[in-house]
1. Pairs, please: C-beta under 9 Å, at least 6 apart or cross-chain, first residue closer than 17 Å to residue 38 by Cα and in the range 53-80, second of a type in the set (Gly, Ala, Ser) and part of a helix (DSSP H, G or I)?
2. For the range 62-78, state whether one or more residues are charged (D, E, K, R) and assigned to a loop (DSSP other than H, G, I, E, B).
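Derivation of every value follows stated rules applied to the coordinates shown; laboratory data play no part. It should be emphasised that the depicted structure is a prediction, and the values quoted were computed from it without experimental measurement. Every residue, glycine among them, receives a Cβ derived from its backbone with ideal geometry; neighbour counts consider all protein chains shown.
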Amino acid sequence: MKPLDILCNFSRFIESKDDVRVPYAYKKGGKTAENPKAVKKLRAVGKDFLYKVGKHVLSGNLNLTTIPFPIRAMVPKSYLEYVGCIPSTLLSLL
């Protein structure tokens, strides 16, 4: 079989009718968001970021490296704070 024929007839390789979805999968795909507060925050951060991108596009200055990432999307601890917590956690496990 030629490589192009394999690509054109790819559907014949996917013949499984089994439902292999995980139990927490959403019926339309993806995962369900169980925390409405987190969903609201995520949407607000996304809206803020898209606003900044749109502002740069309309000004004719589309350089994604100059668009600041919203500080609200950051985790509350820095990497150094997480590394500092690891030894105390390991000692409590011993």
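1. Between residues of the range 53-80 that are closer than 17 Å to residue 38 by Cα and residues that are of a type in the set (Gly, Ala, Ser) and part of a helix (DSSP H, G or I), the close pairs are 70/44; 70/46; 72/44; 73/46.
2. Within the range 62-78 (the criterion being charged (D, E, K, R) and assigned to a loop (DSSP other than H, G, I, E, B)), the answer is yes, since at least one residue qualifies.
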